[in-house]
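*Asks:* Sharing a structure below in structure tokens format, with a few things to ask.
The values are calculated or read from the model by the stated rules, or taken from the named source; none is laboratory data. Since this is a predicted model, take the numbers as computed values, not measurements. Glycine gets a Cβ as well: all are built from the backbone with ideal geometry, and neighbour counts include every protein chain shown.
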There are 2 protein chains.
Amino acid sequence: MQNFVLQNPTTIIFGTDTVPGIGRETAALGRKVLLVYGQGSIRKNGIYDQVVSSLLGAGLDIVEHGGVQPNPLLSHVRAGIARARENGIEAVVAVGGGSVIDSAKAIAAGAMADHDVWQFFKGKKSIKRVLPITCVLTLAAAGSEMNGGMVITNEQTSHKFGTGSRLLNPRVSILDPTLTYTVPANYTAYGAVDAVAHILEFYFTTRDPATPVQDRFMEGLVINIMESCEKVLQQPRDYQGRADLMWSATLALNGWTAAGLGMVGFPMHMIEHSLSALYNIAHGAGLSVIMPAWMRYQAGLHPAKFSQFGQRVFGLTGSPAQCTREGIELLRSWFVRVNSPVTLAELGIEAEDNPLIADNALALAKIWRLKNYDKEIIMQILQGCR
Amino acid sequence: MQNFVLQNPTTIIFGTDTVPGIGRETAALGRKVLLVYGQGSIRKNGIYDQVVSSLLGAGLDIVEHGGVQPNPLLSHVRAGIARARENGIEAVVAVGGGSVIDSAKAIAAGAMADHDVWQFFKGKKSIKRVLPITCVLTLAAAGSEMNGGMVITNEQTSHKFGTGSRLLNPRVSILDPTLTYTVPANYTAYGAVDAVAHILEFYFTTRDPATPVQDRFMEGLVINIMESCEKVLQQPRDYQGRADLMWSATLALNGWTAAGLGMVGFPMHMIEHSLSALYNIAHGAGLSVIMPAWMRYQAGLHPAKFSQFGQRVFGLTGSPAQCTREGIELLRSWFVRVNSPVTLAELGIEAEDNPLIADNALALAKIWRLKNYDKEIIMQILQGCR
């Protein structure tokens, strides 16, 4: 186990009928709030009304900033920062999934900075002050509700970059699994794939061979995410399934599994971000394409962890090489079973685009210090996604 | 999964060479500090010197309050409260295991109260203000370093009661596994038993049949605690083993596993507290005696979870009844293997004392609202400890 510092200040309020708490929780942080949300689905399913009624009931002034898109855009973040400044915003309320929460974080950081917000993402500036954030989660996927990370797409440069700060942890996140009852099957699956990817990035990139506590925690989460995802695809209003999936997705990226792993990388996300930046595909759909190919590549370099994965997650019992090979194949089969794509062709991306994708990914590899990845290796992994 | 609120404000600084950070971390909270520690082992092994040098280096004024005993005593806590008040103490630094940290918490709460500290433990008063606490952990066992709980023995009434508050979470806890290299074999094992008991109290007393995320997390922890304990009993200076055991013991009772379980009880602790209050035995030693008997009792009432325990923790494959029976027996055998006692006779406690023990335990059963436990049931469990 490696040395670590662990601090997660986010308060989680989890369960049914918790949304009406958002007003009270936010009122403790500021009176003028920016309400950030997405494309309007929360207006249809009643969540918007619940949140606004709670915020107004707590005596808060609301400035709206809806319209966040999947793969959220820098231009929309910049508009939100301008709006926050114009209105003297004191707190940001995010109602949505990872895209909305990440936009809220970028606004919260950008509004307090004396430079453009993209400087944070290019690694040129570090985050020193932010507006406080509260959150009502509507999608089990990104984990952004209990960490300080954020990912934004710069549509001018086609770069999807991620950065973060402990300051950006939401102060309070409300997780009501019933809010995800209406998430369609494809986005339910993509969310589960995203959560699995978060776990496996850590699991397979730690260089510490002795992290048994973290390993079993992560293996358990992968099993639970797969099981609960299958449950809710069968029965979208299965409360227990939605609750398990939601909490597991939060745990996948809230820092608890990573504590003690030392340096980890996000190579699958590094490559996938180029797919969603260039083709605006769903992040989870891109990940299920990249993951098996990356795992085959990585297993060639560091095989030991892969056989353990096959044994413990899928109960395999053959030779280490068999457990490795079959473990990766079984995960890929699971992606197929939940209708998440496993080839670039399914995403409509042609092989001739591989160099373009690799070049785009290299920009992020540099910022994220994934020094072992050059164009050739990324191309090789992309070729494995066919 | 049940609704829950989760908030754990403790910052964990984990790993080698972390003790010198105690001065800097404490200086952020106050200048006049009460240094609480135990029977002087920290003077022999150099930890005391390291801590004092760091505190002085950070410009802090130190008032000492050493001499905490295992099964820490109310009288010593009261003396600490008086000392804190006399000296205008602003923060409490605990250097030790659960007994020391719990004493520090009781002092931190009592010093800010306008009534006697025991009122908290009798459930007559709730904790509203506390002095901030920092901690250097020297024993993998109680989990007190990352929660708000505390257990104190009132030697006048022979009651060992526990209570707590989120306010009592240490602000910062420093966990350096090398500090536990010199913990003797018996206390290493008792610490592991205590951590296993914390997990199993939750695991077997939740009434929610659908807590898959928490179940796998807890099962993994039990396996890790057993494995790492055996490792360090073989080789006391095995860093990875000490680190795994230390972190697992913290995770066993920091609220992460319990989130979503709903109401849980501490019936094994309820009975054990009477053993350590009446006979001043080591808490872990008492728990390994009580645990198998309580598990047999509980398995008769709620069998389902017990077969899962046998299957997942010990890899059993027989009928549910077999997995239940053998799972309990295998855990008991593990206690024997690490030389933790499994009968009251080994503790020198006679069968004729059972009514006395049961009466003592009932006092705590009442405060902890363990309504299903009457004298007869406690006696029945005690009879199973032979």
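*Asks:* Just need a number here: residues in the range A:261-288 that are surrounded by fewer than 23 Cβ atoms within 10 Å (Cβ to Cβ), over 21 Å from residue A:139 (Cα atoms) and of a type outside the set (A, V, I, L, M).
*Replies:* Within the range A:261-288, residues that are surrounded by fewer than 23 Cβ atoms within 10 Å (Cβ to Cβ), over 21 Å from residue A:139 (Cα atoms) and of a type outside the set (A, V, I, L, M) number 4.
*Asks:* Let me ask you something else. Among the residues of the range B:62-72, is any away from chain A (no Cβ under 14 Å) and of a type in the set (D, E, K, R)? Give the steps one after another, and end with the answer.
*Replies:* We begin by selecting, within the range B:62-72, every residue away from chain A (no Cβ under 14 Å); these are B:62-72.
Next, from what is left, pick out any that are of a type in the set (D, E, K, R): B:64.
Checking the range B:62-72: at least one residue is away from chain A (no Cβ under 14 Å) and of a type in the set (D, E, K, R).
*Asks:* Also, quick follow-up: Looking at (1) in contact with a helix residue (DSSP H, G or I) (Cβ under 7 Å, 6 or more places away or on another chain); (2) of a type in the set (A, V, I, L, M); (3) more than 14 Å from chain A (Cβ to nearest Cβ); (4) part of a loop (DSSP other than H, G, I, E, B), can you tell me which one residue B:77 breaks?
*Replies:* (4)
*Asks:* So which residues in the range A:73-122 are of a type outside the set (A, V, I, L, M, F, W, C), more than 14 Å from residue A:154 (Cα to Cα) and in contact (Cβ under 8 Å) with a residue 12 or more places away in the chain, if there are any at all?
*Replies:* Matches in the range A:73-122: A:80, A:83, A:85, A:87, A:88, A:90, A:96, A:97, A:98, A:105, A:110.
*Asks:* Next up: Of all residues in the range B:309-352, how many are in a helix (DSSP H, G or I), in contact (Cβ under 8 Å) with a residue 24 or more places away in the chain, within 28 Å of residue B:154 (Cβ to Cβ) and out of contact with any Leu (no Cβ under 8 Å at 6 or more places or on another chain)?
*Replies:* Within the range B:309-352, residues that are in a helix (DSSP H, G or I), in contact (Cβ under 8 Å) with a residue 24 or more places away in the chain, within 28 Å of residue B:154 (Cβ to Cβ) and out of contact with any Leu (no Cβ under 8 Å at 6 or more places or on another chain) number 2.
*Asks:* Follow-up. Could you grab me the full set of residues in the range B:199-221 that are under 15 Å from residue B:298 (Cβ atoms) and within 12 Å of chain A (Cβ to nearest Cβ)?
*Replies:* B:209
*Asks:* Return the only residue of A:276, A:248 being within 18 Å of the chain's Cα centre (by Cα), away from chain B (no Cβ under 11 Å) and of a type in the set (S, T, N, Q).
*Replies:* After ruling out the rest, the residue left standing is A:276.
*Asks:* What about residue A:143, is it modelled with pLDDT of 95 or more and not assigned by TED's automatic domain parsing to the domain that holds residue A:256?
*Replies:* Considered against the rule, which asks whether it is modelled with pLDDT of 95 or more and not assigned by TED's automatic domain parsing to the domain that holds residue A:256, residue A:143 comes out as yes.
*Asks:* Among the residues of the range B:19-42 satisfying the criterion of being among the polar types (S, T, N, Q) and closer than 15 Å to residue B:99 by Cβ, which is surrounded by the most Cβ atoms within 10 Å (Cβ to Cβ)?
*Replies:* Ranking the qualifying residues of the range B:19-42, first place goes to B:41.
*Asks:* For residues in the range B:172-231 being basic (Lys, Arg) and in a helix (DSSP H, G or I), which is nearest to residue B:147 (Cα to Cα)?
*Replies:* Per the criteria, the residue is B:216.
*Asks:* Just give me the residues in the range B:158-167 being over 15 Å from residue B:357 (Cβ atoms) and not small (Gly, Ala, Ser), in sequence order.
*Replies:* B:161, B:163, B:166, B:167
*Asks:* Just to be sure, is residue B:369 within 24 Å of residue B:222 (Cβ to Cβ), surrounded by fewer than 15 Cβ atoms within 10 Å (Cβ to Cβ), out of contact with any Pro (no Cβ under 9 Å at 6 or more places or on another chain) and of a type in the set (D, E, K, R)?
*Replies:* no
*Asks:* Going by the conditions given, is residue A:243 surrounded by 20 or more Cβ atoms within 10 Å (Cβ to Cβ), within 14 Å of chain B (Cβ to nearest Cβ) and farther than 12 Å from residue A:177 by Cα?
*Replies:* no
*Asks:* If you scan the range A:222-240, which residues turn out to be within 9 Å of another protein chain (Cβ to nearest Cβ) and not β-branched (Val, Ile, Thr)?
*Replies:* A:224, A:227, A:228, A:239, A:240
*Asks:* Something else: Just one of the numbered conditions (1) closer than 14 Å to residue B:143 by Cα; (2) away from chain A (no Cβ under 14 Å); (3) surrounded by fewer than 23 Cβ atoms within 10 Å (Cβ to Cβ) is not true of residue B:255; which one?
*Replies:* Among (1) closer than 14 Å to residue B:143 by Cα; (2) away from chain A (no Cβ under 14 Å); (3) surrounded by fewer than 23 Cβ atoms within 10 Å (Cβ to Cβ), the lone unmet condition for residue B:255 is (2).
*Asks:* Scanning for something touching a strand residue (DSSP E or B) at 6+ places or on another chain (Cβ under 6 Å), over 30 Å from residue A:239 (Cβ atoms), of a type in the set (Val, Ile, Thr) and more than 14 Å from chain A (Cβ to nearest Cβ), does the range B:150-157 turn up at least one residue?
*Replies:* Within the range B:150-157, one or more residues are touching a strand residue (DSSP E or B) at 6+ places or on another chain (Cβ under 6 Å), over 30 Å from residue A:239 (Cβ atoms), of a type in the set (Val, Ile, Thr) and more than 14 Å from chain A (Cβ to nearest Cβ).
*Asks:* Which ones in the range B:43-54 are surrounded by fewer than 22 Cβ atoms within 10 Å (Cβ to Cβ) and assigned to a helix (DSSP H, G or I)?
*Replies:* Of the range B:43-54, the ones surrounded by fewer than 22 Cβ atoms within 10 Å (Cβ to Cβ) are B:43-50, B:52-53.
Selection gives B:43, B:44, B:47, B:48, B:49, B:50, B:52, B:53.
*Asks:* Okay, moving on. Being assigned to a loop (DSSP other than H, G, I, E, B) and among the charged types (D, E, K, R) is the filter; apply it to the range A:1-42 and report the residue that is nearest to the other protein chains (Cβ to nearest Cβ). Can you show your working first?
*Replies:* First pass over the range A:1-42, keeping only residues assigned to a loop (DSSP other than H, G, I, E, B): A:1-3, A:7-10, A:15-18, A:28-31, A:38-40.
If we keep only those that are among the charged types (D, E, K, R) too, we end up with A:17, A:31.
Numbers: A:17: 8, A:31: 23 Å.
Among those that are assigned to a loop (DSSP other than H, G, I, E, B) and among the charged types (D, E, K, R), it is A:17.
*Asks:* Has the range A:289-297 got at least one residue that is outside any helix (DSSP H, G or I), surrounded by fewer than 24 Cβ atoms within 10 Å (Cβ to Cβ) and either within 22 Å of the chain's Cα centre (by Cα) or hydrophobic (A, V, I, L, M, F, W, C) (or both)?
*Replies:* No, the range A:289-297 has no match at all.
*Asks:* Something else now. Run down A:232, A:172, A:213 and say which single residue is farther than 25 Å from residue A:364 by Cβ, among the β-branched types (Val, Ile, Thr), in contact with a helix residue (DSSP H, G or I) (Cβ under 8 Å, 6 or more places away or on another chain) and in the same structural domain as residue A:37 (by TED's automatic domain parsing).
*Replies:* A:172
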